[in-house]
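Trainee: Got a structure here, written out as structure tokens. Questions coming.
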Amino acid sequence: MTNTSRYFFITALLIVLASCERQATSDDDIVLAVVDDRVLFLTDLKNSISPELYIKDSLKVIEQYRSNWITRQLKAREAQRLGLDRNPEVRRRVQKAEETILADAYNEAVALDISGDPVNRAEAQSFYENNKDKFLLAERHVRYRHMMASTLNDAQNARNALQRGQTWREVVEQYAVNPQQAYRISQQYWPISSAARELNVLNNFLQNIGISEISPVQRIGDHFHFVQLMESRDAGEHPQMEWVIDQITEWLILDKKRKHLQSMEQNLFLRAQANNELRIYDVRVPEQEIEIISDSL
């Protein structure tokens, strides 16, 4: 997208954000309250609160939000009747709030502008290779298998099957209480402090057994457990790229947005300078206007 098209896109979006006022909604929306010409719809409420909070106690949330909304509308109307909206300090605060909202809307528009150019896997891989020394394990990481069986006989049979060379997938399908979870756990590395941490005795085994060794079967609650250590990486080693690629991708996207925003801010500054719309004064001599230079930012 060219700079010119970016300006048109962002300007159009800001105009919509600045001028759009809720006048109508879908036919199936629900009206919660009306004060003069201001209408509170259920979708307004849902867009303003977290879904978790609404689902937890929707009736209470609706009543509280509606009460606060009505109170705010009545206070605002009364403030206008009293002429408080013409108070210089109030007008200054309203203007400041409006400028802040519009500036935030501009930032969001710029971020949306770059969202069509996401970071690809090759960029993340290149970043990892060029900055590998910055990615070091803070503690030992292990890959392990955790069997949880419903009976002692199942746990012992599973242990014996592994020792005979049967695959882990076959063993968990036959003996595990939750085969999908058991298989999923075995496919990734875990910090040793987090490996089976809810079961201290199993974590202790993982910290002491060797590669491919299987712990004794332990009864914990109503189930029977054992762990098998498969791989280990010591603190200070490089993690596999798959462990950090999502984090790297997020960093690179944020960095792109930051640089893009800085570029757009610089363009705004230069355009205002070229159109003689900007004046900067020397703070040491307030009455003396100084010439604007390109590196003033």
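Trainee: Lys and Arg at +1, Asp and Glu at -1: add these up for the other residues within a Cβ distance under 9 Å of residue 179 and post the number.
Mentor: Values: positive: 169; negative: 173.
My count for the surroundings of residue 179 gives 0.
Trainee: Please express the Cα-Cα pair-distance distribution P(r) of the stretch 145-297 as a list of whole percents, one per 10 Å bin, running from 0 to the bin with the greatest distance.
Mentor: For the stretch 145-297, the binned pair fractions read 9, 26, 17, 10, 8, 9, 10, 9, 2, 0 percent.
Trainee: Then there is this: Would you mind putting 144-157, 169-182 in packing order, based on average other-beta-carbon counts within 10 Å, highest first?
Mentor: Details: 144-157: 18.3, 169-182: 16.4.
Sorting 144-157, 169-182 by mean packing, highest first, produces 144-157, 169-182.
Trainee: So what's the gap between the Cα centers of the stretch 184-256 and the stretch 51-85, to the nearest angstrom?
Mentor: Their Cα centres are 49 Å away from one another.
Trainee: Hey, another quick one. Could you name the aspartates and glutamates in cross-link range of residue 259, using Cα to Cα under 13 Å and dropping any fewer than eight places away on the same chain?
Mentor: Straight-distance partners of residue 259: 113.
Trainee: Here's another thing I want to ask about it. Bins of 5 Å, beginning at zero and ending with the bin holding the largest distance: percent of Cα pairs per bin for the stretch 157-220, please.
Mentor: The percentages, shortest bin first, are 3, 16, 23, 30, 23, 5.
Here, each number is a calculation from the coordinates, and none is a lab measurement. Note that the coordinates shown come from a computational prediction; the quantities given were computed from them, not determined experimentally. Cβ: placed from backbone, ideal geometry, glycine included. Neighbour counts: every protein chain shown.
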